[in-house]
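Notes for the one structure printed next.
The values are calculated or read from the model by the stated rules, or taken from the named source; none is laboratory data. Since this is a predicted model, take the numbers as computed values, not measurements. Positions of Cβ are generated from backbone atoms using ideal geometry, with glycine treated the same way; all protein chains shown enter the neighbour counts. Note: areas computed on protein heavy atoms with side chains; ligands, DNA, RNA excluded. Shrake-Rupley method; radii C 1.70, N 1.55, O 1.52, S 1.80 Å.
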Amino acid sequence: MQLKWLPLFIFSILAQIAFSQSKVTLSGYIKDAENGESLIGATIFLLENQQGAASNEYGFYSISVEPGTYTVEYAYLGLQSQRKEIELSENQTMNVELEAMTTELNEVIVTGEAEDRNVTDIEMSVNKLDMTTIKSIPSLLGEVEVIRSLQLLPGVTTVGEGASGFNVRGGSIDQNLVLLDEAPVFNSAHLFGFFSVFNPDAVKDVKLYKGGIPARYGGRISSILDVRMKEGNTKDFTMNGGVGFIFSRLAIEAPIVKDKASFIVAGRRSYIDVLAKPFLNEDLSGSILNFYDLTLKANYNINDKNRVYLSGYFGRDNFGFGEAAGFNWGNSTGTVRWNHLFSEKLFSNFTLYYSDYDYKINFGEEAENKFIWNANIENFSFKPEFTYFINPRNILRFGGQSIVYTFEPGNAVGISEGEFSDVSLDKKYAIESAAYLDMEQDLSSTISINYGLRLSHFNYTGEGNAYIYGTAEAGKRRFPVDIKEYDQWESIQTYLNLEPRFSLKWQLGPSASVKGSYNRTTQYIHLISNTTASTPVDVWTPSTNNIKPQIGDQVALGYFKNLNNNMYELSTEIYYKKMQNLVDYIDGADLLLNEFLEGDLLAGEGRAYGLEFQAKKNKGDLSGWLSYTLARTERLVNGINGNDWYPSRYDQLHNLSISAFYELNDKWSLSGTFVYNTGTPTTFATSRYEQQGYIVPHIANETRNNVRIPDYHRLDLSATLKGKKKKETDRWVADWVFSIYNVYSRRNPFSIYFQQPSERVLPDQTTNTQAVQLSVVGSVIPSISYNFKFQ
């Protein structure tokens with residue numbers, strides 16, 4: 001969409017608004033009767049005119065129709081639907097609470113939304129996992145894991161065990177925007193990627209956008225992971241938690257004022273260091289090896305038109321080896337949100353958030369001989385959003401956002417024999433702003449479209465120095481030729497980008513549809529890392545006068561089909577993504593505490609394309625899904641790999657996962673997952689030089705990723721012994737979870753490197769090198785965990 005179409009776009013919206021003025025509106029909130037939690041994606045259906053709507057992220061719905069008497073059905077999968085006969089002669093508010101099923105479901109519900117929403121909704125390239133499903137997936141040491149569960153879905157991969165984050169459709173981990181109650185989380189991993197920062201007891205909804213990204217989202221070019229926290233039980237006090245081999249967790253939620261205000265507090269703490277302490281020698285007796293996090297949220301329903309939320313997250317990983325060395329990192333977020341109804345049709349949400357990610361490193365036991373380094377990225381944001389429910393066939397969304405960034409790439413001080421050496425880098429500042437307009441429209445009973453526009457602006461500002469770099473041979477280091485000093489908030493470089501979004505759905509029948517989408521996204525901040533996998537000490541940097549923003553253009557086409565009364569789901573998608581201004585590195589780039597870092601960076605192009613297939617069974621004693629992805633992701637950088645395309649570090653041709661859940665009886669449930677991935681690319685020397693018994697590897701033509709490590713595959717199994725209430729007055733229910741991770745002890749390679757013997761080789765002998773395979777997990781890992789709930 002170009003700017004010349006904007007007047008036509010606005011005229012179409014105004015025409016729809018004018019046409020809907022004669023209608024009456026039914027609106028309200030849909031909640032779970034058991035705990036008062038708002039229901040996301042609950043459906044409202046009017047039987048007389050066959051029109052419907054769905055509740056938004058806050059459980060609010062609105063539908064405008066001609067005056068009359070209607071039979072309205074409210075439904076949410078896993079809960080008992082309700083039918084109400086309502087006479088609509090004027091605007092009316094109807095809040096609904098849906099009860100639990102009278103007969104307990106015996107199967108895992110793979111999704112909590114409408115059974116056919118995958119076919120009838122315009123969204124595509126979107127995955128949503130219900131928390132019940134996530135908790136049923138076998139996991140490492142029996143601990144429920146949000147991020148690793150996502151890696152079982154098509155198009156989502158990882159470079160290996162012990163790697164932080166995840167990769168979506170060939171993108172790097174920094175190209176994923178991870179949101180926790182609207183606030184960005186810059187490092188989503190605990191313990192180098194084995195566990196995520198999301199406490200499962202506090203998470204309500206997990207939604208991943210891989211494509212067809214709505215205009216209200218921006219800032220990353222690969223995906224949006226939107227994680228919503230529970231609001232807290234408004235009905236009664238509840239407590240749940242678990243005890244496992246590696247950490248324990250506890251969550252408490254209760255009403256502050258019944259049916260009006262509530263809170264939830266959830267915490268976790270690992271105790272590897274506590275268990276290991278008796279086995280450590282005296283030098284390591286003070287070692288620290290743990291992580292913890294605290295998640296909390298409160299909400300207050302002021303009246304029918306106003307509701308406020310306050311949420312926060314605080315987490316940290318700590319690694320220390322006595323007093324000789326220490327290393328820790330963590331995220332902190334805080335979010336304040338205000339929902340306000342301007343009318344029955346106009347819903348608004350105003351968000352103010354704070355997010356910070358920092359790490360600290362220290363070496364040395366003596367005050368006169370030590371090294372201390374800390375770094376962080378901090379941002380504040382204000383985001384107003386509006387949804388105007390014009391009529392059942394037209395929904396208008398509009399809003400904006402402004403983010404103020406502070407980057408501290410390194411505050412580092414070395415002390416040697418009492419002498420200070422400050423090698424700190426200057427802070428960097430930036431302001432990112434955006435405004436968007438988005439229209440969802442049903443053109444007919446079979447064709448729906450969603451079109452939108454996002455205008456983003458980035459301002460890289462002072463206080464600080466900006467460097468001008470000279471030219472150099474392609475792929476080689478550039479050196480600064482000039483420097484200019486800027487005052488606080490003085491503009492150094494600005495960027496303005498138009499980001500069109502478009503989606504189309506063609507309904508082929510009640511159980512099949514074809515969907516297509518296009519989106520352009522822009523990313524203004526970058527993670528600087530040239531390691532096999534991202535590490536906690538990688539540095540974030542803004543787009544500058546030397547680093548351009550990354551731009552992604554993606555098209556996707558998909559076919560969706562449900563069978564046997566929505567018991568089975570089939571979906572196939574093909575996609576192509578083009579990326580511009582990707583950050584790459586010269587050979588031997590110096591990334592740590594380098595004032596002239598930008599001279600070691602290269603800009604390149606990227607492309608990713610593939611086919612995704614998923615088959616899912618939603619009902620019955622046996623449920624689950626099979627996901628398969630056939631994909632390529634490649635890069636082209638001037639001066640690298642002979643100026644030819646090469647596979648990126650995240651390239652995996654085949655990606656297969658199978659997840660199955662079986663309800664054996666009322667007491668036992670079984671689950672299993674199998675994963676197979678093509679090995680990821682890496683770079684080996686193409687030749688070598690031998691000098692006085694030492695091997696010097698050589699890579700011709702700056703070749704990149706010329707070989708692959710062996711394929712990855714793993715089987716995990718789990719069995720749950722479910723606790724049952726012996727009588728209705730019992731409030732304590734507990735489960736035992738028995739799991740086996742890596743059942744057949746596969747030593748999956750994380751990386752392969754070469755080493756030569758430590759002994760000096762005689763002049764007349766040949767020096768042999770040995771390839772060494774590093775496996776993070778190389779054996780079977782059994783575990784037992786105990787989970788409980790008191791209500």
Flagged in segment 41-61 as among the hydroxyl-bearing types (S, T, Y), within 21 Å of H340 (Cβ to Cβ) and either in contact (Cβ under 8 Å) with a residue 40 or more places away in the chain or touching a Ser or Thr at 6+ places or on another chain (Cβ under 6 Å) (or both), in numbering order, are Y58, Y61
Only unsatisfied item for Y744, checking (1) open to solvent by 70 Å² or more (accessible area, probe 1.4 Å); (2) in a loop (DSSP other than H, G, I, E, B); (3) in contact with a helix residue (DSSP H, G or I) (Cβ under 8 Å, 6 or more places away or on another chain), is (3)
From the option list L593, L597, single residue qualifying as over 22 Å from the mean Cα position of the chain (by Cα), open to solvent by 30 Å² or more (accessible area, probe 1.4 Å) and in contact (Cβ under 8 Å) with a residue 60 or more places away in the chain is L593
Residue count, segment 567-584, condition open to solvent by 20 Å² or more (accessible area, probe 1.4 Å) and closer than 21 Å to S172 by Cβ, comes to 5
Sole miss for R477 among (1) modelled with pLDDT under 95; (2) more than 29 Å from N643 (Cα to Cα) is condition (2)
For R478, the lone unmet condition from (1) within 20 Å of S125 (Cα to Cα); (2) charged (D, E, K, R); (3) in contact (Cβ under 8 Å) with a residue 60 or more places away in the chain is (1)
Among D356, D304, the single one that is at pLDDT 85 or above, touching a strand residue (DSSP E or B) at 6+ places or on another chain (Cβ under 7 Å) and buried (at least 17 other Cβ atoms within 10 Å of the Cβ) is D356
The condition of being in contact with a Ser or Thr (Cβ under 7 Å, 6 or more places away or on another chain), among the hydrophobic types (A, V, I, L, M, F, W, C) and under 29 Å from M239 (Cα atoms) holds, among V707, V737, V780, only for V737
Would it be correct to say that V537 is in contact with a Phe, Trp or Tyr (Cβ under 9 Å, 6 or more places away or on another chain) and buried (at least 17 other Cβ atoms within 10 Å of the Cβ)? yes
When restricted to E408, E417, the only residue among the acidic types (D, E) and open to solvent by 50 Å² or more (accessible area, probe 1.4 Å) is E417
Taking segment 38-63 and the residues there that are assigned to a strand (DSSP E or B) and β-branched (V, I, T), the one that is nearest to the chain's Cα centre (by Cα) would be T43
By my count, strands (runs of 3 or more DSSP E) wholly in segment 488-548 with at least 1 residues that are without any contact (Cβ under 8 Å) to a residue 40 or more places away in the chain and of a type outside the set (S, T, Y) are 491-509, 512-523
Across segment 705-732, the tally of residues that are over 30 Å from N677 (Cβ atoms) and either open to solvent by less than 60 Å² (accessible area, probe 1.4 Å) or assigned to a strand (DSSP E or B) (or both) stands at 5
Going residue by residue through segment 270-277, is there one that turns out to be of a type in the set (D, E), modelled with pLDDT of 95 or more and open to solvent by less than 50 Å² (accessible area, probe 1.4 Å)? no
If we take segment 322-423, then strands (runs of 3 or more DSSP E) inside it with 1 or more residues that are under 28 Å from N199 (Cβ atoms) are 325-341, 346-366, 369-391, 394-416
In segment 652-698, anything part of a loop (DSSP other than H, G, I, E, B), β-branched (V, I, T) and surrounded by 15 or more Cβ atoms within 10 Å (Cβ to Cβ) is listed as T678, T680, T683
